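Q: Can you keep this structure in mind? I'll have questions shortly.
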Amino acid sequence: RTARDPSSPWKSPSGALKDPAATAMSVAAQLARAVVAGAAVLVATTSGLAPEGALSVDDECGADGACALNALQLRKAAGAAQQGGLLAGRSVEDMTDEELEASRNYAMENATGVWHYSLPCWSKCEGKPGFCESYCGPGNACCKYAGSSNDPSECHDVRFWPVMSWYTCVDTRLVKGDANKAVGKATGPPKLIYSNPALMKPSSAPVQTFYMYRVQSSQDYDPENQNMGSLAGMLWYLHHEIVIHPKLQRSGSYFSTPKTRIERFKVSVKATQPLVDLGMHFGPVNAFDLTRCTGPYKCDNFQKFGYTVGCEDWKGGAASFPHGQWTGLNKYPGAVWYSLPGPCSSAGIGHKTAQCILDEPGGACRSTDTPTGTGDCTYTYRKLGEITLNELEGLEDPDSFKAMGGSEYDVHTDSGKGMEFWNGMKDEAANQRRIDRALELFREKYPDQPDLPDPGCDFNQYVFYKRS
């Protein structure tokens, strides 16, 4: 079946037609037993008695596509079930399906806040994905695990997937609205957050043009209010946070959207005059959470230096900030992270007002192809291409790789299973080979793109914060 018709029958591996609604009810009954059994595990554990065969608190997903509960959800479900008198000494196996369903609904709505937990939502949500509060509950959406890349952003930032085989109600971390999109109308003229006259004029800094890279999912959106990196920096990110998960999960945690590719951007950067006066061309790396700037130091560097591009390396010097804990751990030669401040960085997705975008314009130049170094025009960018993670690893048949129990990288063994590409995280020579392989792929796919040297990172935290 197609992702756009999730209510149509689908075939099992044996070829038999199945009705997703009926399958959902079957899985719902399984989940009901899982919820109540999980609650029973927690209750029984306190008395030293655990029912044989009960759901383990670290169970996740089964072969049928249904996901068990994580430990936090089980604790909440246990409390809800006890308050509702649902356990009351009853054996899970003695409960009828109707009793289980009632127990499940009570426990899960109290545990997660999601209505109609694990049931199909497509037809109930007007045949479209996204926010569906009338059926799924306040702030919740109708989404499918690994659904269409055209599904709205709220379906790509889900906290937990009840089932993985159809569109179902989920708890999303996003609020209604698109990234960097204004809400409402401006209430007056711009009131820039900076007032230094030097930020109103072009700076004397040179323009630096080089490549930045981004590890990305199947979603397409601009890199403003995002963190980027040198190629080595992005490979470190992949190695340290993404490929360590089993079954080609390729996400920073179980709840995030799988990464599929490395994008290349041609970026031109020009520092503002106050930053140049400190002898730097880059400011500090700012961290962003759902396009909202979260640090360092409340992101007050924008008020003093304008929306400068930030950089960070992990060589142990003045540029090893704000993630100094990685110094000595990152063995990728030339690894650098960058930050590209965008509009209304004080607010996250869905909360950026039109007035905020006027007051906090960000650093991306809107009316020129060359940055000027004013406070609101410190960089330009253009996407040039991408390579996939499968291409990078030489993985031709991902399904077979997963079926054979393959693993990209295991932090405990410092190696993969059925794959050697990521072996040796702390081996600088092996890391350089990975960098060279990625560069080779970009050259093969885009032979007309010139090699551009990385500018390095000249940010100095001691001078910057002492003088500012």
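The values are calculated or read from the model by the stated rules, or taken from the named source; none is laboratory data. All figures in this text were calculated on a predicted structure; none of them were measured in a lab. Here the Cβ is made from the backbone with ideal geometry for all residues, glycine too, and neighbour counts use every protein chain on show. Remember, those area values only see protein heavy atoms, side chains included, never the ligands or the DNA or RNA. Shrake-Rupley method; radii C 1.70, N 1.55, O 1.52, S 1.80 Å.
Q: Could you tell me which of the residues GLU408, GLU386, GLU391 is under 12 Å from HIS239 (Cβ atoms) and under 23 Å from the mean Cα position of the chain (by Cα)? Steps first, please.
A: Numbers: GLU386 fails: under 12 Å from HIS239 (Cβ atoms); GLU391 fails: under 12 Å from HIS239 (Cβ atoms).
Checking each option against the conditions leaves just GLU408.
Q: Here's a follow-up. In this structure, does LEU231 turn out to be open to solvent by less than 30 Å² (accessible area, probe 1.4 Å), more than 19 Å from MET212 (Cα to Cα) and modelled with pLDDT of 95 or more?
A: On the way: open to solvent by less than 30 Å² (accessible area, probe 1.4 Å): yes; more than 19 Å from MET212 (Cα to Cα): no; modelled with pLDDT of 95 or more: yes.
The answer is no for LEU231.
Q: Which of the numbered conditions does PRO341 fail, given that it passes all the others? Conditions: (1) more than 21 Å from SER251 (Cα to Cα); (2) over 22 Å from the mean Cα position of the chain (by Cα).
A: (2)
Q: Further question on the same structure: Within the stretch 249-264, which residues are modelled with pLDDT of 90 or more and buried (at least 19 other Cβ atoms within 10 Å of the Cβ)?
A: Within the stretch 249-264, ARG250, LYS259, ILE262, ARG264 meet the criteria.
Q: Output the number of the condition that ARG434 fails; it satisfies all remaining conditions of (1) basic (Lys, Arg); (2) open to solvent by 60 Å² or more (accessible area, probe 1.4 Å); (3) touching a helix residue (DSSP H, G or I) at 6+ places or on another chain (Cβ under 8 Å).
A: (2)
Q: Of all residues in the stretch 275-308, which are assigned to a strand (DSSP E or B) and open to solvent by 50 Å² or more (accessible area, probe 1.4 Å)?
A: Step one: filter the stretch 275-308 for residues assigned to a strand (DSSP E or B), giving 283-284, 287-289, 292-295.
Within the stretch 275-308, ASP289, ARG292, THR294 meet the criteria.
Q: Here are some conditions: (1) open to solvent by 70 Å² or more (accessible area, probe 1.4 Å); (2) closer than 16 Å to ARG261 by Cα; (3) in contact (Cβ under 8 Å) with a residue 12 or more places away in the chain. GLU440 meets all but one. Which one does it not meet?
A: Result: GLU440 passes all but (3).
Q: What pairs come up if the first residue lies in the stretch 348-373 and is in contact (Cβ under 8 Å) with a residue 12 or more places away in the chain, the second is part of a loop (DSSP other than H, G, I, E, B) and of a type in the set (Phe, Trp, Tyr), and their beta carbons are under 7 Å apart, counting only those six or more places apart or on different chains?
A: Listed by first residue and then by second, the contacts come to GLY362/TYR307; GLY363/TYR307.
Q: Take the residues of the stretch 228-251 that are in a helix (DSSP H, G or I) and within 18 Å of CYS457 (Cβ to Cβ): which is nearest to the chain's Cα centre (by Cα)? Show your work before the answer.
A: As a first pass, look at the stretch 228-251 and keep what is in a helix (DSSP H, G or I): 231-242.
If we keep only those that are within 18 Å of CYS457 (Cβ to Cβ) too, we end up with 231-237.
Working: LEU231: 19, ALA232: 20, GLY233: 17, MET234: 14, LEU235: 16, TRP236: 16, TYR237: 12 Å.
For the stretch 228-251, the residue satisfying everything is TYR237.
Q: Here are some residues: LYS466, LYS426, LYS383, LYS402. Which one is assigned to a loop (DSSP other than H, G, I, E, B) and charged (D, E, K, R)? Can you show your working first?
A: Numbers: LYS466 fails: assigned to a loop (DSSP other than H, G, I, E, B); LYS383 fails: assigned to a loop (DSSP other than H, G, I, E, B); LYS402 fails: assigned to a loop (DSSP other than H, G, I, E, B).
Exactly one of LYS466, LYS426, LYS383, LYS402 is assigned to a loop (DSSP other than H, G, I, E, B) and charged (D, E, K, R), namely LYS426.
Q: Still on this model: Quick one: would you say SER339 is surrounded by 21 or more Cβ atoms within 10 Å (Cβ to Cβ), out of contact with any Cys (no Cβ under 6 Å at 6 or more places or on another chain) and either farther than 15 Å from LEU290 by Cβ or among the small types (Gly, Ala, Ser) (or both)?
A: Details: surrounded by 21 or more Cβ atoms within 10 Å (Cβ to Cβ): yes; out of contact with any Cys (no Cβ under 6 Å at 6 or more places or on another chain): yes; either farther than 15 Å from LEU290 by Cβ or among the small types (Gly, Ala, Ser) (or both): yes.
For SER339, the condition - surrounded by 21 or more Cβ atoms within 10 Å (Cβ to Cβ), out of contact with any Cys (no Cβ under 6 Å at 6 or more places or on another chain) and either farther than 15 Å from LEU290 by Cβ or among the small types (Gly, Ala, Ser) (or both) - is met.
Q: Listed residues VAL243, VAL269; which is farther than 17 Å from THR209 by Cα and modelled with pLDDT of 95 or more?
A: Values: VAL269 fails: farther than 17 Å from THR209 by Cα.
After ruling out the rest, the residue left standing is VAL243.
Q: Restricting attention to the stretch 384-422, report how many residues are charged (D, E, K, R), in contact with a Phe, Trp or Tyr (Cβ under 7 Å, 6 or more places away or on another chain) and either loosely packed, with under 15 Cβ neighbours inside 10 Å or free of Cβ contacts under 8 Å to residues at least 40 places away in the same chain (or both). Spell out the reasoning first.
A: Kept after step one, since they are charged (D, E, K, R), are these residues of the stretch 384-422: 386, 391, 393, 396-397, 399, 402, 408, 410, 414, 417, 420.
From the residues that got through so far, the ones that are in contact with a Phe, Trp or Tyr (Cβ under 7 Å, 6 or more places away or on another chain) too are 393, 408.
Add one more test, that the residue is either loosely packed, with under 15 Cβ neighbours inside 10 Å or free of Cβ contacts under 8 Å to residues at least 40 places away in the same chain (or both), and what stays is 393.
Here the count works out to 1.
Q: Being open to solvent by 60 Å² or more (accessible area, probe 1.4 Å) and at pLDDT 95 or above is the filter here; which residues of the stretch 454-468 pass it? Quick ask: steps written out before the conclusion?
A: If we filter the stretch 454-468 for residues that are open to solvent by 60 Å² or more (accessible area, probe 1.4 Å), which is where we start, we get 454, 462, 465-467.
Listed by number, the residues that qualify are ASP454, TYR462.
Q: Given the conditions (1) closer than 17 Å to TYR332 by Cβ; (2) open to solvent by 90 Å² or more (accessible area, probe 1.4 Å), report the number of the one that MET425 does not fulfil.
A: (2)
Q: Go through the stretch 212-228 and give me each residue that's open to solvent by less than 10 Å² (accessible area, probe 1.4 Å) and small (Gly, Ala, Ser).
A: SER217, the sole residue that qualifies.
Q: A follow-up question, please. Can you find a residue that is of a type in the set (Asp, Glu), open to solvent by less than 10 Å² (accessible area, probe 1.4 Å) and closer than 30 Å to GLU396 by Cβ anywhere in the stretch 309-323?
A: No: zero hits.
Q: Can you find even one residue in the stretch 252-265 that is free of Cβ contacts under 8 Å to residues at least 24 places away in the same chain, more than 17 Å from GLY233 (Cα to Cα) and part of a loop (DSSP other than H, G, I, E, B)?
A: The first filter runs over the stretch 252-265 and keeps only residues free of Cβ contacts under 8 Å to residues at least 24 places away in the same chain, leaving 252-253.
Filter once more, keeping what is more than 17 Å from GLY233 (Cα to Cα): 253.
Next, only the ones that are part of a loop (DSSP other than H, G, I, E, B) stay: 253.
Scanning the stretch 252-265, I find at least one residue that is free of Cβ contacts under 8 Å to residues at least 24 places away in the same chain, more than 17 Å from GLY233 (Cα to Cα) and part of a loop (DSSP other than H, G, I, E, B), so the answer is yes.
Q: Checking the structure you have, find out if any residue of the stretch 198-209 is open to solvent by 10 Å² or more (accessible area, probe 1.4 Å), within 19 Å of GLU391 (Cβ to Cβ) and not in a helix (DSSP H, G or I).
A: No, because not a single residue in the stretch 198-209 is open to solvent by 10 Å² or more (accessible area, probe 1.4 Å), within 19 Å of GLU391 (Cβ to Cβ) and not in a helix (DSSP H, G or I).
To keep it simple, each residue is scored yes or no on (1) in contact with a His (Cβ under 6 Å, 6 or more places away or on another chain); (2) at pLDDT 80 or above; (3) within 28 Å of GLU360 (Cβ to Cβ).
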residue	(1), (2), (3)
SER123	no, yes, no
PHE131	no, yes, yes
TYR145	no, yes, no
VAL175	no, no, yes
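Q: For the stretch 134-173, give me the residue count where each residue is open to solvent by less than 10 Å² (accessible area, probe 1.4 Å) and among the basic types (Lys, Arg).
A: 0
Q: May I pose another question? Six or more apart or on different chains, Cβ atoms under 6 Å: show the pairs whose first residue is in the stretch 301-323 and among the aliphatic types (A, V, I, L, M) and whose second is part of a helix (DSSP H, G or I).
A: Within 6 Å, the pairs are ALA318/GLN461; ALA318/TYR462.
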